[in-house]
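Throughout, read-outs are computed from the coordinates displayed, never taken from laboratory work. These numbers come from a predicted model, not from an experiment. When we count neighbours, we look across all protein chains shown, and the Cβ atoms used for this are built from the backbone with ideal geometry, even at glycine.
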Amino acid sequence: MSKREIKSGLAERLRADIAAGFYRPGEWLRLVDLEERYGVGRFDVRQALAQLATGHMVSHVPNRGYRVAQTDRNQRDELTNTRLLLEVPAAELVLEQATAEDVERIEGAARAFDEALGTVSYPEAQKLNHAFHHAFYACCGNRTLIDLIHELRERNLPGEWNLWAMPAKARSSSLDHLEMVEALKTRDRERMAAVVSRHLTRWREETPGKG
């Protein structure tokens, strides 16, 4: 990869690392550390962080710098409600349009995540989780919808860190993935809507506070 390619793709690389859990919610992102990790200059790091701040992946604190975004409960509720409006209809589109090859690919991603649980680090598990969701929505047929779904999902991922520290949370997510595959195989709309809704809202049951 050329120096120019490294610089131009810095924001996406940093976004992917935040989504995968390499940086914790609220963690300060020191410029010198990012320069060393990604092999770029300070100006390039600042540009990438400013870009991610507009997408709410990081937050800027005047006179202090940038840190990974921390979503409070109200923000997570709003994100979840918006995701429900997008992802339940998108899952119906997947039911309508997924080919046998698509189903096989989606099931493979679900099983890869399931088999990795308990044997890989949080970032590696999150990458596999991310891959499942990308595989699932890839065949819904609406590129704009797909991009919105993944953008909102990435904004919510830092809030998943503490919950994913519990093995039961990761296992529950995997069981949801596998049930989504079964609903896809049988083209069961009601089951699909129910499991997608449960998948998106389970955190409310596992996080103290009023839902």
List, largest first, the extents of the alpha carbons of region 58-120 along their principal axes, each in whole Å. 54, 34, 18
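Would you compute, from DSSP H runs of 4+ residues alone, the mean residue ellipticity of the chain at 222 nm, taking -39500 (n - 2.57) per run and dividing by the full residue count, rounded to the nearest 500?
Taking each H run of at least 4 residues, the total per residue is -23000 deg cm²/dmol.
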Using a Förster distance of 30 angstrom, determine the FRET efficiency expected from the C-beta separation of residue 51 and residue 73, and round it to 0.05. 0.65
Given a Förster distance of 41 Å, report the FRET efficiency between residue 150 and residue 186 from their Cβ-Cβ distance, rounded to the nearest 0.05. 0.95
Taking the C-alpha atoms of region 1-108, convex hull volume expressed per residue in Å³: 153
Give the residue from 26, 55, 65 lying farthest towards the positive end of the charge dipole for region 3-68; charges sit on Cβ (+1 for Lys and Arg, -1 for Asp and Glu) and the dipole is referred to the Cα centre. 65
Rg to Rh quotient for the chain, alpha carbon positions, Kirkwood Rh: 0.98
